[in-house]
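The values are calculated or read from the model by the stated rules, or taken from the named source; none is laboratory data. From a predicted model like this one, the values you see are computed outputs, not experimental measurements. Every residue, glycine as well, gets a Cβ built from its backbone with ideal geometry; the counts of neighbours run over all protein chains shown. In case anyone asks, the SASA skips ligands and DNA or RNA and just uses the protein heavy atoms, side chains included. Shrake-Rupley method; radii C 1.70, N 1.55, O 1.52, S 1.80 Å.
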Amino acid sequence: MKRVFIGLLVAAGLALVQQASAQVVVVDSTTALPPDPLWKRSFKAGLNFTEATLSSNWRGGGVNSFGLNTLLNAKANYKLDAASWDNEADLLYAFVSNKGQGYRKNLDRIFLDTKYGRSLSPHWDTFVSLNLLTQFAAGYKYSKDANGNERAQILSSTFAPAYVTAAYGFEYHPTDYFKVRLSPFAPRLTIVGRNQRFMEALGDRPYGVRPGHSTRFEVLAAQVLAEFDKDIAKNVNLKARYLLFANYGDNFALRRIDHRLDAGLTAKVNRYINVALTGIMLYDYDQDRGLQYSQGLTLGFLYTIQNYSDDKK
């Protein structure tokens, strides 16, 4: 079953790359677009910088710093009569380097999703989907020992944790910019590799995986995935993704239901320059008993191409 999950995910990724690499055009007022293409493709890439340099006699305090924020989003969506096949890759990585502290990451996300659907009515589909949620690089908890020396404890690593979820259910899409998937059956595979690496910082069951195991398979579970992508003002776009996961074995205890919200607010200064505010909020009982969050504000370069006109106004 695990090999089937990974194999299907790789196949979907290859299909996405193949479609995204096909001919695309920059959308502007002078471009003539073909009517309603079967494959709607889009590609978005961003590179944002933050930097601060202080003189040696600066009395206001602080340290020299440099930060980099990168994002990539690619979509390839197919629609013919009642059948649809939607694919998305959503990648985000950011780090900051402070003088005297070195490199530390602050945002890290890999989200790959493929979904096949059949239309039931103008606003309802039945679907089957497969998605992967994980990260690029290791994460650390920084603290000081009894002697005042800083130490770093590893909390996560590349592809650890990785969540592979297969979902079956119904999708409601009342508008072009909002949709929600309701999946009463959504088995999930959690991958951590050598979980003993994280036990010092996270206890004997990091990410819910038992000692001596590298994975956890939750068969009887439910998932809700909601997405919002709309221009809320001229040259200002709000994109958000909410993900809920509940294991039937926990009897839907509220404190054991996982919640994750990824949101980004992007304002275009001109065709290529943008200001972006991004954030992640996460509650996962198997990771931590409290609410986790991450936030970043950047100014940088954003390039977008697509082969269809955008109606999300």
Number of the condition not met by Arg241 [criteria: (1) more than 15 Å from the chain's Cα centre (by Cα); (2) under 19 Å from Ser129 (Cβ atoms); (3) not aromatic (Phe, Trp, Tyr)]: (1)
The range 151-168, residues that are in contact (Cβ under 8 Å) with a residue 24 or more places away in the chain, assigned to a strand (DSSP E or B) and open to solvent by 40 Å² or more (accessible area, probe 1.4 Å): Ile154, Leu155, Tyr168
Of all residues making up the range 208-224, the number that are in a strand (DSSP E or B), touching a residue at least 60 places away in the same chain (Cβ under 8 Å) and open to solvent by less than 70 Å² (accessible area, probe 1.4 Å): 1
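Residue-wise test of (1) farther than 17 Å from Glu88 by Cβ; (2) without any contact (Cβ under 8 Å) to a residue 24 or more places away in the chain.
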position	(1), (2)
Leu244	yes, yes
Gly249	yes, no
Ala253	yes, yes
Asp258	yes, no
Ala263	no, no
Gly279	yes, yes
Residue tally, condition part of a strand (DSSP E or B), under 30 Å from Thr50 (Cβ atoms) and not acidic (Asp, Glu), over the range 77-124: 19
Exclusive hit being surrounded by fewer than 16 Cβ atoms within 10 Å (Cβ to Cβ) and under 23 Å from Gly46 (Cβ atoms), set Arg255, Arg241, Arg271: Arg271
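Looking only at the range 47-100, count every residue that is among the β-branched types (Val, Ile, Thr) and under 28 Å from Leu112 (Cα atoms) and tell me the total. Can you show your working first?
The first filter runs over the range 47-100 and keeps only residues among the β-branched types (Val, Ile, Thr), leaving 50, 53, 63, 70, 96.
From what is left, the residues that are under 28 Å from Leu112 (Cα atoms) are 50, 70, 96.
Count: 3.
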Residue tally, condition farther than 30 Å from Ser84 by Cα, touching a Leu at 6+ places or on another chain (Cβ under 7 Å) and assigned to a strand (DSSP E or B), over the range 33-68: 2
Out of Asp250, Asp286, sole residue that is touching a Pro at 6+ places or on another chain (Cβ under 9 Å) and at pLDDT below 95: Asp286
